Amino acid sequence: MVSTEYERRIAARFAGFDQDGNGTIDREDFSAAAKALLAEFAVPARSDKGQALYSGAEAFWQGMAGIADRDGDQRISRQEFVTGAVKRLRDNPDRFAEIARPFLHAALAVADTDGDGRIDIADTVRVLRVLHVPAGVAEATAAALDADGDGRVGEADVVPAFARYFTVPE
Ligand code: CA
Ligand code: CA
């Protein structure tokens, strides 16, 4: 029997990927996330950072589809997410970090307004809010990502934390 808490967490992760809230995860959810991030930080889509973010989003989608789109209809249904993605990602968190890393790397570059390779907590919250992480949760998550407490977040903090969040330990 599956716990209610576990099911609630799975539902939250699904909603995190289903950016447009239409009940399935597909390529548009990833490109919409990229577009929203670029708009938030006023980075043009045709710039190097913009192009890197769109290719990262596409690679992330392809990786997720390869793991979870069992019927090949280019959509990950809630059922496919629960039976495919969640179990496989939990069994192999490194694989998830690998498929998410190009997107996260590019997202950090977009949010790194001064270009020093790290982003401050307020900008980390902006990224999470654009990705529809609820207020409150976004602030707590950003603070937790800053493991060394220096007020800034780097790729070394983000990728493993993101993988942990989405791989949903039981
Ligand atoms: Ca969707
Ligand atoms: Ca499918």
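The values are calculated or read from the model by the stated rules, or taken from the named source; none is laboratory data. From a predicted model like this one, the values you see are computed outputs, not experimental measurements. When we count neighbours, we look across all protein chains shown, and the Cβ atoms used for this are built from the backbone with ideal geometry, even at glycine. For the accessible areas, the whole protein counts, side chains as well, though only heavy atoms, and no ligand, DNA or RNA atoms are used. Shrake-Rupley method; radii C 1.70, N 1.55, O 1.52, S 1.80 Å.
Odds and ends about this structure:
- Pairs where the first residue, in the stretch 5-27, is without any contact (Cβ under 8 Å) to a residue 12 or more places away in the chain and assigned to a helix (DSSP H, G or I) and the second is more than 8 Å from ligand 1 (Cβ to nearest atom) and of a type in the set (Lys, Arg), C-beta under 9 Å, 6+ apart: 11/78
- So residue 100, is it of a type outside the set (Phe, Trp, Tyr) and more than 11 Å from the chain's Cα centre (by Cα): no
- Scan of the stretch 48-76 for residues that are small (Gly, Ala, Ser) and in contact with a Gly (Cβ under 8 Å, 6 or more places away or on another chain), ordered by number: 68
Listed here are the residues, each with its yes/no results for (1) within 22 Å of residue 164 (Cα to Cα); (2) modelled with pLDDT of 95 or more; (3) among the hydrophobic types (A, V, I, L, M, F, W, C).
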site	(1), (2), (3)
52	no, yes, yes
64	yes, no, yes
87	yes, no, no
97	yes, no, yes
103	yes, no, yes
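- Listed by first and then second residue, the pairs with beta-carbon distance under 9 Å, at least 6 apart or on different chains, first residue in the stretch 84-101 and closer than 11 Å to residue 66 by Cα, second open to solvent by 70 Å² or more (accessible area, probe 1.4 Å) and of a type outside the set (Lys, Arg), are 99/62.
- Restricting attention to the stretch 56-76, the residues being away from ligand 2 (no atom under 11 Å from the Cβ) and open to solvent by 70 Å² or more (accessible area, probe 1.4 Å) number 1.
- Which listed residue, of 108, 104, 38, is under 24 Å from residue 123 (Cα atoms), more than 16 Å from ligand 2 (Cβ to nearest atom) and in contact with a strand residue (DSSP E or B) (Cβ under 9 Å, 6 or more places away or on another chain): 108
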